[in-house]
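Have a look at the structure below before the remarks.
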Amino acid sequence: PHVEGISDLMAKVILDVNELTTNYITRFREPIYAVDHVSLKVEDGKSLGIAGESGCGKSTLALSLMGYYFAPLHYSSGQITVDGTTITGMNPDDIRKTILGREISYIPQAAMNALNPTRKIIHFIEDVIQAHHPKTTKKEIYELARERFELLGLPPEVLNKYSVELSGGMKQRTVIATSVILSPKVLIADEPSSALDVTSQKMVIKMVMDLMDKGIIKSLVFITHELPLLYNVTDDIMVMYAGQVVEKGSAAEMVFDPI
């Protein structure tokens, strides 16, 4: 049996969310609370899975964790802290420049559709890196991208391709590799394997797990409605219903001994 030791007590919390509440404003100016007083902690080197039925608020929580809001989604109350920095209340431009991509990164649902078919992959990566490090040369960016893509099992030839030349699974893996090019501390993955065939799903899941194993990201928040998948990927699981957390525990507890 595992005995709690000093290392357990001193585990560093990378993502700390306290009583976060966010809402959508309808055209009748009524607030709909899609995230309702949600609290969670993710420690350094750990992964949290978030499960729940469609419409329960999983994707809204993922967006809210970025601290970067677009109408009709609005921040209401609560606090988000990433590696000691509280991002709630920060200026949106400051969040975009100093937090997104560097401290916390996000892979949206259907990420494969996020790529502009008229631009090569390397141009997306140039945009990401130069937004944070404007003095980086294109040669330096290419070398960094090539090394990172090879490390994650993607052929460097992908960098000079257009998205329309890639399969669905390859597009998804390319988006994931691009989103972690700056080695963010926390990666939020919103159903990264949905809409893919079984083989592509397996490759995407392996890639996400490699990000943790190789230290490219410190912590992971993995969102899906597939509980068996979370059991194999994450350390802890949290279940949402109607915008609230209704159950949380270790992956084994949640699968074999739920409330």
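Normalised by the residues of the chain, what does the relative contact order come to in percent, with Cα pairs under 8 Å and at least six apart?
Reported as a whole number, the value is 26 percent.
Could you grab the relative contact order for region 43-102? Cα pairs under 8 Å, six or more apart, rounded to a whole percent.
For region 43-102, the relative contact order is 23 percent.
What is the percent carbon and sulfur in the accessible area of the chain, measuring with a 1.4 Å probe over the protein chains and ignoring ligands?
The computed percentage sits at 53.
Convert each backbone phi in region 128-144 into a coupling constant with the Karplus relation 6.51 cos²θ - 1.76 cosθ + 1.60 (shift: θ = phi - 60°), then list the ³J(HN,Hα) values in order as whole Hz, x for Gly and Pro.
Computed from phi, the couplings for region 128-144 are 4, 5, 6, 5, 9, 10, x, 8, 5, 7, 5, 5, 4, 5, 4, 5, 4 Hz.
Would region 88-142 count as rounded, prolate or oblate if I go by the C-alpha gyration tensor, calling it rounded below 1.5 in a/c and otherwise prolate when a/b exceeds b/c, oblate otherwise?
In terms of gyration-tensor shape, oblate.
Under the Karplus relation 6.51 cos²θ - 1.76 cosθ + 1.60, θ = phi - 60°, what is the ordered set of whole-Hz ³J(HN,Hα) values for region 229-234, x standing for Gly and Pro?
Running phi through 6.51 cos²θ - 1.76 cosθ + 1.60 with θ = phi - 60° gives 5, 4, 4, 8, 10, 10 Hz.
For region 49-121 and region 139-215, what is the separation of their Cα centres, given in Å?
19
Loop-only check: which chymotrypsin sites (Phe, Trp or Tyr not before Pro) in region 56-148 are DSSP coil with at most 11 other Cβ within 10 angstrom?
Taking region 56-148 and a limit of 11 other Cβ atoms within 10 Å, the loop chymotrypsin sites (Phe, Trp or Tyr not before Pro) found are Phe70.
Let me check something: with ligands and nucleic acids excluded, how do Asp236, Asp210 order by accessible area (1.4 Å probe), largest to smallest?
Asp236, Asp210
Do you know the relative contact order of region 1-121, to the nearest whole percent, from alpha carbon pairs under 8 angstrom that are 6+ apart?
For region 1-121, the relative contact order is 26 percent.
Select one label from [x] 6, 25, 25, 19, 16, 7, 1; [y] 6, 24, 31, 23, 12, 3, 0; [z] 7, 29, 36, 22, 6, 0: the one whose number is P(r) over Cα pairs in 10 Å bins from 0, in percent as derived from the coordinates shown.
Computing P(r) over Cα pairs in 10 Å bins from 0, in percent and matching it to [x] 6, 25, 25, 19, 16, 7, 1; [y] 6, 24, 31, 23, 12, 3, 0; [z] 7, 29, 36, 22, 6, 0 gives [z].
Using only the Cα atoms of region 151-240, build the gyration tensor, take square roots of its eigenvalues as a ≥ b ≥ c, and label the shape rounded, prolate or oblate: rounded if a/c is under 1.5, else prolate if a/b is larger than b/c, else oblate.
It is oblate, given that a/c is not under 1.5 and a/b is not larger than b/c.
Which far-off residues, 5 or more places away or on another chain, put their amide H under 5 Å from the one on Ile188, with H placed in the peptide plane?
Under 5 Å from the amide H of Ile188: Ser105, Tyr106, Ile107, Val221.
Determine the per residue accessible area of the chain with all protein chains present and a 1.4 angstrom probe, expressed in square angstrom.
Spelled out: the 1.4 Å probe surface of the chain, per residue, equals 51 Å².
Compute the angle between helix 168-179 and the longest alpha-carbon principal axis of the chain, please, reported from 0 to 90 degrees and rounded to the nearest 10.
On a 0 to 90 degree scale, this one is about 80.
Can you tell me how region 140-192 classifies by the Cα gyration tensor, rounded, prolate or oblate, using a/c under 1.5 as the rounded cut?
The shape class here is oblate.
The values are calculated or read from the model by the stated rules, or taken from the named source; none is laboratory data. Remember, it's a predicted structure, so these values are computed and weren't measured experimentally. Here the Cβ is made from the backbone with ideal geometry for all residues, glycine too, and neighbour counts use every protein chain on show. With ligands, DNA and RNA removed, areas are computed over all heavy atoms of the protein, side chains included. Shrake-Rupley method; radii C 1.70, N 1.55, O 1.52, S 1.80 Å.
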